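Here's the structure, in structure tokens; my notes come after.
Where a number appears in this text, it was derived from the coordinates with a stated rule and is not lab data. It should be emphasised that the depicted structure is a prediction, and the values quoted were computed from it without experimental measurement. Methodologically, a virtual Cβ is constructed for each residue, glycine included, from the backbone with ideal geometry; neighbour enumeration extends over all protein chains shown.
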Amino acid sequence: MEMSNTCCTPAPKTPFLVTLWRDHRVWLASLVIFTLLVIFDRAQASASLDKVWVSLLHTAPYLLLSIGIAAWAGASDADGLIARAFTGTPALMIFLGAVAGGFSPFCSCGVIPLIAALLAMRVPLSAVMAFWLASPVMDPSMFFLTSGVLGFEFAIAKTIAAVGLGLFGGWSVHLLSGTSALRDPLKEGVGGGCGASAAQGTKPVVWAFWKDADRRGKFTKEAIKTTLFLAKWLILAFLLESLMLAWIPAEMVTQALGGTGVGPIAVATFVGVPAYLNGYAALPLIGGLIEQGMAPGAGLAFLVAGGVTSLPAAIAVWALVKPKVFGLYIALSLSGAFMAGVLFQAWSAFG
């Protein structure tokens, strides 16, 4: 009887272009967009290149700090120690996550490596989400800038909104934590899963990891991997953001956000997603709109929703977590921003 050779037949090779796109599609997307700009609009290509470069320089300190923390945690076996800092009752973890996010200097993109490490170490998603949602809305420098542009009262309201959004998101995730959609939130290949075992183990922390060659190598490997992961997504995000700024007229935003009542707050919440510039550039825009009669609640909703769901932040989150978790992140951001706007509007009217 003739034996089948099926098991010995080598698997067909994946076409080169398919492999290239699968492994490098983010880099290729940025390259294709920039190439088209060079061909059809060289002035915009130059402006977009400047925007990407300036944005990367602006976020570099936070990115380097986050990358360093993630790489250090893996090289020193301190990832378990970091995870244990997020232990305790759900109420305490969510509260600390929201407060830390509301006052931390991390931007929504710079905190991505730390979030990936925490999720890989099986830190509860509720505490991580509380930190994640609050972090991009407010930080110390943003507080002082908001006070100067929109007033101290608005800065306080934005800070309360940041912490409140974190608490709202953290408790919402906690109540949904039993669903299958929230198990293993990270995408395959993100975080590596090694942190989880480290968090559950009893390895001693080697603070001076640089004295060991293997640990130095592990630090370098993790730092390079995280840097490339962030760079490819942030370059694409800032490139798309530059096109949004160039091609969406400011007058369109003004017309959509003008007026008073709950309606403009709802509109501002959703318009903030595509129209948000960045945390610093958005403040003068909102200041000008408020001077033209825009309700303060709508301005706050725009800043909160736009800050959490801005293009760089959204792309970074999409790259990190599974689609259902990303959808929950967006839903919590928009609903929380709308509630913050309504409450601030009510307080402004009766305060």
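Remark: for residue pairs Lys232/Lys322; Lys187/Lys232; Lys218/Lys324; Lys187/Lys225; Lys158/Lys322, the C-alpha separation exceeds 26 Å in Lys218/Lys324; Lys158/Lys322.
Applying a 10 Å radius around every beta-carbon, put 264-273, 319-328, 298-307 in order of their mean neighbour count, most first.
On the way: 264-273: 22.9, 319-328: 18.3, 298-307: 30.2.
Order by mean packing, descending: 298-307, 264-273, 319-328.
Near the amide H of Val321, within less than 5 Å, lie the amide hydrogens of Lys187, all on another chain or at least 5 residues away, with H placed in the peptide plane.
Can you give the FRET efficiency to the nearest 0.05 for Glu153 and Lys324, using r as the Cβ-Cβ distance and R₀ = 51 Å? In this case the efficiency is close to 0.85. With a simple spin-label model that places each label point 7 Å from the Cα along the Cα-to-Cβ direction, the separation between Ile224 and Leu92 comes to 4.1 nm.
Placing R0 at 30 angstrom, the Cβ-Cβ distance between Trp210 and Asp184 gives a FRET efficiency of 0.35 after rounding to 0.05. Calculated FRET efficiency, Trp247 to Val54, Cβ-Cβ distance, R0 = 25 Å: about 0.85 to the nearest 0.05.
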